[in-house]
Structure formats: structure tokens, C-alpha cells
1. Mind checking whether some residue in segment 201-222 is assigned by TED's automatic domain parsing to the domain that holds P147 and β-branched (V, I, T)?
2. State all residues of segment 236-250 that are charged (D, E, K, R) and part of a helix (DSSP H, G or I); if no residue qualifies, say none.
3. Among the residues of segment 233-258, what is the count of those that are buried (at least 22 other Cβ atoms within 10 Å of the Cβ) and within 16 Å of the ligand (Cβ to nearest atom)?
4. Inspect all residues belonging to segment 215-223 and state whether any of them is in a loop (DSSP other than H, G, I, E, B), modelled with pLDDT under 85 and within 23 Å of the chain's Cα centre (by Cα).
5. Just to be sure I understand, how many residues within segment 58-73 are of a type outside the set (V, I, T) and touching a residue at least 24 places away in the same chain (Cβ under 8 Å)?
6. Of the residues F144, F172, which is among the aromatic types (F, W, Y) and in contact with a Pro (Cβ under 6 Å, 6 or more places away or on another chain)?
7. Please verify whether I230 is surrounded by fewer than 19 Cβ atoms within 10 Å (Cβ to Cβ) and within 16 Å of the ligand (Cβ to nearest atom), treating the condition exactly as stated.
8. For segment 241-254, does any single residue satisfy the condition of being out of contact with any strand residue (DSSP E or B) (no Cβ under 9 Å at 6 or more places or on another chain), among the hydrophobic types (A, V, I, L, M, F, W, C) and in the same structural domain as V146 (by TED's automatic domain parsing)?
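The values are calculated or read from the model by the stated rules, or taken from the named source; none is laboratory data. Here the structure is a predicted model, which means the values were calculated and not measured. With ideal geometry, Cβ positions are generated from the backbone for all residues, glycine too; neighbour counts draw on all protein chains shown.
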Amino acid sequence: MFYRYQEWKDRLHNFNDHIILDISLCLTLRNLLQVHTSVNRAVEFLQLTTGIEFPPPETILHAYLQFEALTDHEYKYSCPTCGDYPPVVIMGVHKQTASPLSGNDIEKPPGNFKGEVNLEEFWESLSKEMISRGFVANGRHDLFAVPPSYHFWAPWIGKNTRHSDTVLNTEFEKVTEERLREELFKQKDDVIQSLCHECAVESTGSRSDLLLRLSDEMKSRSATGGWGVIMCPCGIVYSLKCSFQAESHRDFADLLLS
Ligand SMILES: [Zn+2]
């Protein structure tokens, strides 16, 4: 039989039998995140203060996330003043988390997929991935890894606010950059000329010069995704959605309809 030390009563969190975090460090990291300080910065600060070299920040982040995945949380994603269905909401976008994924890295949904995903299943499997990281040797395949896909990734919406555990993610219907480029290349010369004017792109040169400039412009404008957030005017977050491609009204419509 295999015994793994995981005694929180000793105020320690064992990540992978090598890296063991003090529970008060885990709680400090949590509070720092709540005042917008990343784990990366916290590790940098600790190294400067103690003069001791820490494991890479990414490893500390994984250890901390494992701690959170094993912790019960009381946050309800609902504001006591606004109730479960706030009459006024604020929608925001966080782009800093832009993922380096391209459309080709994301698993295509099966043909019969209608944009309905199970929120509990998705977040439960994400928690399992966070926990399993401490058990899988470096470089080995993690059976619990959750690959990015349109038909499994789900937004988070507070339990009392959502209709049910089945929520919408219709991101697979977004028009991709590749698709837009294909359409652009089919356009007539005069359309391309006027597109250049509208986008304030230099419109002299051959057709292929103009197409190249427009493609570059498209690339610089298209974001690679981020987090869509819905909160009440008091600042309580009701729902979160991580998108692979540039956010659109579709993301917020999915959240509001769920
Ligand atoms: Zn509120």
C-alpha cells in the first residue's frame, strides 16, 4: 500500500512529495490574488525578501491551484443586495490572459453539437486536472488533462443564477480569422480598395500588396481570447467565460441566456 502525506492539521499542503507549501502561504497567495497580485509577483517578492531561490512560479501556481481545488469555498457568485437575478449588470473583458492557442489547437465539436455544455462536469474535471498535477511525473501524460475544445469548455455561472447545469457555449459558431481571410481574397479590386480606405491602410500598389496589408491589419486587430465577466454594480462576479477567440456579443449572449 502507498501512503501519501496530506495532513492539513500540520498546516502543510503537500503538492507532489517534493514541494510542500505552508497553509498560511497558500492563504497569503489567495489574498494577494484578491488584491490583483499574481503568484508570479508573490514568488518574486519572496525570493527578494528571503534571498532563497524558490521553485519556478508556474510550479508554485500549480501547487496553489491544487490547494484551492481541494478546498471548499463559500463564495456564492451572488450579491446580497442585488439578489440572484441582478436588474443591472456590468460586462467586462480581461485580455491579459490571452491564450497562445490558434484555431487549429482546439478540438472541433462533433456534428450534432448544439452549443450546450455541462458546467458542473467541466469545472469538476478542471479541478481534477489541478489535483492530478501533483501526482504525474514531469513530462508524463496526464490522464486528467482537459484539452481545449468548444464542446466541453463551459462558462461559470453562480448556482442560484443559472437555469440549470446545462449552459450555452456557442463559440464554435464564431467566424475565424482564416474564414475572414478566405472571404477577403474572394473580393473584387474595388471592394479591396475601399476596405483599405476604411481601415486607414495604404491603398497603393498591386492587388496582392493590398491583400497582404489588409491581412496584417486583421491579424493586429484580432485578439486571441480572454475572460468575459458579468458582475453587479457592487462588483460581485456572477459569471465568467474563458473564450479562445476574440470576444464578441455572442459570449455575453450565451451567459445571459444561460
Ligand atoms: Zn450587488
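1. Looking through segment 201-222, none of the residues is assigned by TED's automatic domain parsing to the domain that holds P147 and β-branched (V, I, T).
2. Result: R250, single match.
3. So the answer is 2.
4. Yes, there is a match, as at least one residue in segment 215-223 is in a loop (DSSP other than H, G, I, E, B), modelled with pLDDT under 85 and within 23 Å of the chain's Cα centre (by Cα).
5. Number satisfying all stated conditions: 9.
6. F172
7. No, not satisfied.
8. Checked against the condition, which is being out of contact with any strand residue (DSSP E or B) (no Cβ under 9 Å at 6 or more places or on another chain), among the hydrophobic types (A, V, I, L, M, F, W, C) and in the same structural domain as V146 (by TED's automatic domain parsing), segment 241-254 yields at least one hit.
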